[in-house]
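Handing you this structure, nothing more for now.
The values are calculated or read from the model by the stated rules, or taken from the named source; none is laboratory data. All values reported here derive from a predicted model rather than from experimental measurement. When we count neighbours, we look across all protein chains shown, and the Cβ atoms used for this are built from the backbone with ideal geometry, even at glycine.
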Amino acid sequence: MRKRVTKTVVCKTEPGGVATEAGIRKQYLKCRPTCKVTFKLPKEAAPDANTVAIVGDFNNWNSDAALMKKAKDGAYSTTIELECDREYRFRYLIDGTRWENDWNADRYEPNPFGGEDSVIVI
């Protein structure tokens, strides 16, 4: 049986280093060169949203490929397995019309539409 080792990195913390509910969680898998990434958009970012999709390089910017699940607290989340040693651009699409960046992205990069994309480094 293969031993599975995970490393969890929570990108958003409160003062004192206590992890909050929002953010990006990375779980690196020892048995494969992939990382399970949980994206969580807090309720404050989309308080009246009916749907939230995460779109980016990893799904060819397809708004139907990764709809996020709404939790009881109003936050939206999803987990995607991504290849290691890469960077991915992404954004959240709220109700099919409004774009939102991730407040906890590793960085932001300008896009050709005059805005910025969130970037995650795996």
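Name the single residue, out of those in segment 95-117 being in contact (Cβ under 8 Å) with a residue 24 or more places away in the chain and within 14 Å of the chain's Cα centre (by Cα), that is nearest to D57 (Cα to Cα).
Applying the filter and picking the extreme gives D117.
Would you check if there is a residue in segment 2-21 being at pLDDT 95 or above, aliphatic (A, V, I, L, M), under 22 Å from V121 (Cβ atoms) and within 13 Å of the chain's Cα centre (by Cα)? Outline the logic, then answer.
First pass over segment 2-21, keeping only residues at pLDDT 95 or above: none.
No, segment 2-21 contains no residue that is at pLDDT 95 or above, aliphatic (A, V, I, L, M), under 22 Å from V121 (Cβ atoms) and within 13 Å of the chain's Cα centre (by Cα).
May I pose another question? Any residue at all in segment 94-101 that is among the basic types (K, R) and buried (at least 18 other Cβ atoms within 10 Å of the Cβ)?
So far as segment 94-101 goes, no, none of its residues is among the basic types (K, R) and buried (at least 18 other Cβ atoms within 10 Å of the Cβ).
Let me ask another. Could we say that L93 is more than 30 Å from K30 (Cα to Cα) and in a strand (DSSP E or B) here? Give the derivation first.
Values: more than 30 Å from K30 (Cα to Cα): yes; in a strand (DSSP E or B): yes.
Yes.
Here is a follow-up. Quickly run through segment 59-90 and pick out the residues that are in a strand (DSSP E or B), surrounded by fewer than 16 Cβ atoms within 10 Å (Cβ to Cβ) and among the hydroxyl-bearing types (S, T, Y).
Result: T79, single match.
In segment 72-79, is there at least one residue being over 15 Å from R25 (Cα atoms), among the small types (G, A, S) and in contact with a strand residue (DSSP E or B) (Cβ under 8 Å, 6 or more places away or on another chain)? Give the steps one after another, and end with the answer.
The initial filter retains those residues of segment 72-79 that are over 15 Å from R25 (Cα atoms), namely 72-74.
Retained after the next criterion (residues that are among the small types (G, A, S)): 74.
Okay, now just the ones that are also in contact with a strand residue (DSSP E or B) (Cβ under 8 Å, 6 or more places away or on another chain), so none.
Looking for residues that are over 15 Å from R25 (Cα atoms), among the small types (G, A, S) and in contact with a strand residue (DSSP E or B) (Cβ under 8 Å, 6 or more places away or on another chain), one finds none in segment 72-79, hence no.
Let me spell it out: the conditions are (1) of a type in the set (D, E, K, R); (2) modelled with pLDDT under 95; (3) touching a strand residue (DSSP E or B) at 6+ places or on another chain (Cβ under 6 Å), and R32 meets all of them except one. Which number is the exception?
Checking R32 against (1) of a type in the set (D, E, K, R); (2) modelled with pLDDT under 95; (3) touching a strand residue (DSSP E or B) at 6+ places or on another chain (Cβ under 6 Å), the one that fails is (3).
Determine whether segment 43-58 contains at least one residue that is in a strand (DSSP E or B) and hydroxyl-bearing (S, T, Y). Working first, answer last.
Of segment 43-58, the ones in a strand (DSSP E or B) are 52-56.
Among the residues that remain, those that are also hydroxyl-bearing (S, T, Y) are: none.
Within segment 43-58 (the criterion being in a strand (DSSP E or B) and hydroxyl-bearing (S, T, Y)), the answer is no, since none of the residues qualifies.
Taking segment 104-122 on its own, how many of its residues are over 16 Å from K26 (Cβ atoms) and either among the basic types (K, R) or assigned to a loop (DSSP other than H, G, I, E, B) (or both)?
Counting residues in segment 104-122 that are over 16 Å from K26 (Cβ atoms) and either among the basic types (K, R) or assigned to a loop (DSSP other than H, G, I, E, B) (or both) gives 5.
So, one more: When you check T51 against the structure, is it within 10 Å of the chain's Cα centre (by Cα) and either at pLDDT 95 or above or not hydrophobic (A, V, I, L, M, F, W, C) (or both), yes or no?
Spelling it out, it is not the case that T51 is within 10 Å of the chain's Cα centre (by Cα) and either at pLDDT 95 or above or not hydrophobic (A, V, I, L, M, F, W, C) (or both).
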